[in-house]
1. Within region 126-167, track down each residue that is within 12 Å of the ligand (Cβ to nearest atom) and at positive phi.
2. Are any residues in region 67-95 within 22 Å of the chain's Cα centre (by Cα) and free of Cβ contacts under 8 Å to residues at least 24 places away in the same chain, and if so, which ones?
3. When you go through 143, 158, 150 one by one, which is the residue that is buried (at least 23 other Cβ atoms within 10 Å of the Cβ), in contact with a helix residue (DSSP H, G or I) (Cβ under 6 Å, 6 or more places away or on another chain) and without any contact (Cβ under 8 Å) to a residue 60 or more places away in the chain?
4. With the condition kept exactly as written, say whether any residue in region 175-185 is in contact (Cβ under 8 Å) with a residue 40 or more places away in the chain, over 24 Å from residue 35 (Cβ atoms) and more than 10 Å from the ligand (Cβ to nearest atom).
5. Residue 98 fails exactly one of the following numbered conditions: (1) within 16 Å of the ligand (Cβ to nearest atom); (2) closer than 20 Å to residue 176 by Cα; (3) over 15 Å from the mean Cα position of the chain (by Cα). What is the number of that condition?
6. Among the candidates 155, 148, which residue alone is out of contact with any strand residue (DSSP E or B) (no Cβ under 9 Å at 6 or more places or on another chain), within 23 Å of residue 171 (Cβ to Cβ) and outside any strand (DSSP E or B)?
7. Go through (1) within 19 Å of residue 96 (Cα to Cα); (2) without any contact (Cβ under 8 Å) to a residue 12 or more places away in the chain; (3) more than 12 Å from the ligand (Cβ to nearest atom) one by one and return the number of the condition residue 123 breaks.
8. Residue 130 passes all but one of (1) out of contact with any helix residue (DSSP H, G or I) (no Cβ under 7 Å at 6 or more places or on another chain); (2) closer than 18 Å to residue 96 by Cα; (3) without any contact (Cβ under 8 Å) to a residue 40 or more places away in the chain; which number fails?
Ligand SMILES: [Zn+2]
C-alpha cells in the first residue's frame, strides 16, 4: 500500500474516533444535567388505626401525577418498591411527632432512598409531613387538597424548599398550587444531587 494511502486511512480513523468519543462525552454530561432520578421505597402502613387503604395502582397514579409537576425541575421520583409496613402503632406515632429513630430500626426503612409512608392519618389536620434529614415523607389517606399535590409539596420539603407565599406555588401551605420558581428548581436540584446521587 502506498504511504499516502496509509496516512489518509489513519487520519480518517482518528477523526471518526474523536467524533464518537466527543458525542459520547457530551451525551453523558447532558443526561446528568437533565434528569435527576430519586429512588423511592413506598410503604403502605398496616398498623391499627393508621392502616392505609391505598392500593398499588393508586400509589402509581399519585406518583405519576407528582412526576408531571416535578418534570419542570428535571427531577424524577422512581418507585423502587411498594410494600406493606406491618409495624407497631408507637412507631407511627413517633414519626408523626417528628421522630424517625424507631422506624429506622425496622426493615421498613432504607437510608439510601426516599421513604414514603402511606397512612390513614398523619396527625391533626395535616395532609402530609416531611422529615428531610431522615428522608421520610408521610401522606394521609384523607388529604383535603389533591393527594398528588400533597405528595409533590412534601417532595419539595425533602429537597430543601420552604413554604412560599403565592397561592399558585407548589410550596404554598394551603392550596393546590403547582408552580416552582427558578430559584426553587435550582435549590431542589442541588439538594437532590447532594442527597440521592
Ligand atoms: Zn409544607
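The values are calculated or read from the model by the stated rules, or taken from the named source; none is laboratory data. Bear in mind that the values here come from a model prediction, so they are computed numbers and not experimental data. Glycine also receives a Cβ, built like all others from the backbone with ideal geometry; neighbour counts cover every protein chain displayed.
1. If the condition is that a residue be within 12 Å of the ligand (Cβ to nearest atom) and at positive phi, then no residue fits.
2. Passing the criteria: 67, 68, 71.
3. Just one listed residue meets the conditions, 158.
4. The answer is no; no qualifying residue exists.
5. Against the list (1) within 16 Å of the ligand (Cβ to nearest atom); (2) closer than 20 Å to residue 176 by Cα; (3) over 15 Å from the mean Cα position of the chain (by Cα), residue 98 comes up short only on (2).
6. 148
7. (2)
8. Failed condition: (1).
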